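Take a look at the structure set out below.
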Amino acid sequence: MDAVVKRAGTSPPVLYRRWSHRDELARAAIVHTMKQSRLDTPDTGSLREDVLTLMREINSTRVQLITAMNMHLADYHQETGTSPGDLRDPLVTGRAEALDVLFGRAVDRGEIKPELLTERIKSLPFDLLRHEILKTFAPVPDHALEEIVDTVFLPLVR
């Protein structure tokens, strides 16, 4: 908190009026970063291409952010007893609405069955992408993205 006070050029009481402790400040900073880095929802005309387009954009622009956030926050999670999932709340960051639009279009086109769309299945391709990034700290090869979409995700929603 002292480093934030110094960098912001403010006083501790001003900072503590807004965030009562370090955990609140860290969560607010992460949510802010995730809101600012939200990507546009693609509309290619097919669910496969929409999901691949979004995954490719994440893969080409967010590897460093994903890696840094996970590496730098490991101590924070141990100290607070939280997990990375606690800070990736799609309702807070606006990601849930973006995915709802993407999947809503696919339902309207008759590509997928809406009753099969659980929150876990909607996030699955992106969770697998994040997992692949964190295994290597590098962008995922395009053939792996296609495999995630074609052999894992799409069969679950069709």
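In contact (Cβ under 8 Å) with a residue 40 or more places away in the chain, among the acidic types (Asp, Glu) and either touching a Leu at 6+ places or on another chain (Cβ under 6 Å) or surrounded by 12 or more Cβ atoms within 10 Å (Cβ to Cβ) (or both): is that true of Asp127 in this structure? So Asp127 fails the test. Scanning the stretch 59-83 for residues that are outside any helix (DSSP H, G or I) and under 16 Å from Leu134 (Cβ atoms) turns up Arg62, Leu73, Ser83.
Please verify whether Asp50 is charged (D, E, K, R) and touching a helix residue (DSSP H, G or I) at 6+ places or on another chain (Cβ under 7 Å), treating the condition exactly as stated. It is true that Asp50 is charged (D, E, K, R) and touching a helix residue (DSSP H, G or I) at 6+ places or on another chain (Cβ under 7 Å).
Going by what's in this entry, would Thr33 be described as within 19 Å of Arg95 (Cβ to Cβ), not in a helix (DSSP H, G or I) and not aromatic (Phe, Trp, Tyr)? Quick ask: steps written out before the conclusion?
Working: within 19 Å of Arg95 (Cβ to Cβ): yes; not in a helix (DSSP H, G or I): no; not aromatic (Phe, Trp, Tyr): yes.
No, not satisfied.
Only residues that are surrounded by fewer than 16 Cβ atoms within 10 Å (Cβ to Cβ) and modelled with pLDDT of 75 or more: list them for the stretch 83-98, please. If the condition is that a residue be surrounded by fewer than 16 Cβ atoms within 10 Å (Cβ to Cβ) and modelled with pLDDT of 75 or more, then Ala96, Glu97 are the ones that fit. Scanning the stretch 101-124 for residues that are open to solvent by 30 Å² or more (accessible area, probe 1.4 Å), of a type outside the set (A, V, I, L, M) and within 14 Å of the chain's Cα centre (by Cα) yields Glu119, Arg120, Ser123. Can you find a residue in the stretch 25-40 that is modelled with pLDDT of 85 or more and either open to solvent by less than 50 Å² (accessible area, probe 1.4 Å) or at negative phi (or both)? There is at least one residue in the stretch 25-40 that is modelled with pLDDT of 85 or more and either open to solvent by less than 50 Å² (accessible area, probe 1.4 Å) or at negative phi (or both). Any residue at all in the stretch 61-72 that's within 16 Å of the chain's Cα centre (by Cα) and within 21 Å of Phe103 (Cα to Cα)? Scanning the stretch 61-72 turns up no residue that is within 16 Å of the chain's Cα centre (by Cα) and within 21 Å of Phe103 (Cα to Cα). List the number of the failed condition for Glu97; all other conditions in (1) touching a residue at least 40 places away in the same chain (Cβ under 8 Å); (2) touching a Leu at 6+ places or on another chain (Cβ under 9 Å); (3) closer than 19 Å to Ile30 by Cα hold. Only one criterion is unmet by Glu97, namely (1).
Restrict the check to the stretch 68-85 and report whether at least one residue is of a type in the set (Gly, Ala, Ser), touching a His at 6+ places or on another chain (Cβ under 7 Å) and more than 22 Å from Val4 (Cα to Cα). Before the answer, list the steps.
Step one: of the stretch 68-85, the residues of a type in the set (Gly, Ala, Ser) are 68, 74, 81, 83, 85.
Now restrict to residues that are touching a His at 6+ places or on another chain (Cβ under 7 Å): 83.
Now drop any that are not more than 22 Å from Val4 (Cα to Cα), which leaves 83.
Yes, the stretch 68-85 has at least one match.
The values are calculated or read from the model by the stated rules, or taken from the named source; none is laboratory data. Predicted model only: the values in this text are computed from it and were never measured. Glycine gets a Cβ as well: all are built from the backbone with ideal geometry, and neighbour counts include every protein chain shown. We work out accessible area using only protein heavy atoms, side chains counted, and drop any ligands, DNA or RNA first. Shrake-Rupley method; radii C 1.70, N 1.55, O 1.52, S 1.80 Å.
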